[in-house]
Amino acid sequence: MKKALLALLVLLAVQQAWAQTAQTETLFSKKTSSTKIGAYGVPAANLTSIGGNFAVMTGGYGGVLINKKWMFGAGAYSLANNITSSYAPSATTGYKQYLNFWYTGLAVEYTHNTDKLIHWTAGALVGGGAVSRRNRATFDLNDDDRHYHSYDRSGLFVAEPFANIELNVTSYLRLDLGATYRFVQGSNTPNISNGDLSMASFHFGIKAGKF
């Protein structure tokens, strides 16, 4: 009985040691890793729709990685392309209107089988942001036109769960492809509803860091 128990303990110790030094599969190399604490950042773009218009949200997220599985950090996204609207009764006469939209918050991500060449991740970003309109396509701090302003601003609550398929390119670089759903509440901006801002997205990201 004692010998069987001793053998079981040795087997568990060997298995744990192997798990802690498992090789990370990548496209270009294999690396033995025993990292307990790491960190990474993910510049990303989400292709989505806002009020029926094609939209590109750029930004990303990142944070501290614990035990090669759980990341705790923060993220932020903002609307990168110009979306015109004919919405606002408060619009300045004679100017086109463009949408402003951004959000930021805390982020968490779980990575399954991180050492495999291809694996999956899932997580969420939860926080707040704002939506408003402006009467210029771009911001110009040197422009003294008094009609250049934003208006009808609303503070927002935003929750965005996501799931990705991830490819290990090198030991410090990964590619993410996936989907998100952006849930928005709080818009009081005339004719820009929560439903206009809440939408699924196609996600593309480049993840770099110590895994």
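In the range 119-138, of all residues being at pLDDT below 95 and part of a strand (DSSP E or B), the one that is nearest to the chain's Cα centre (by Cα) corresponds to 132.
Determine which single condition residue 141 fails, assuming it passes every other condition in (1) modelled with pLDDT under 95; (2) in a strand (DSSP E or B). All conditions pass for residue 141, except number (2). The residues of the range 152-211 that are under 17 Å from residue 24 (Cα atoms) and more than 16 Å from the chain's Cα centre (by Cα), listed by number, are 167, 168, 169, 170, 171, 172, 173, 210, 211.
The values are calculated or read from the model by the stated rules, or taken from the named source; none is laboratory data. Note that this is a predicted model, so its numbers are computed, not measured.
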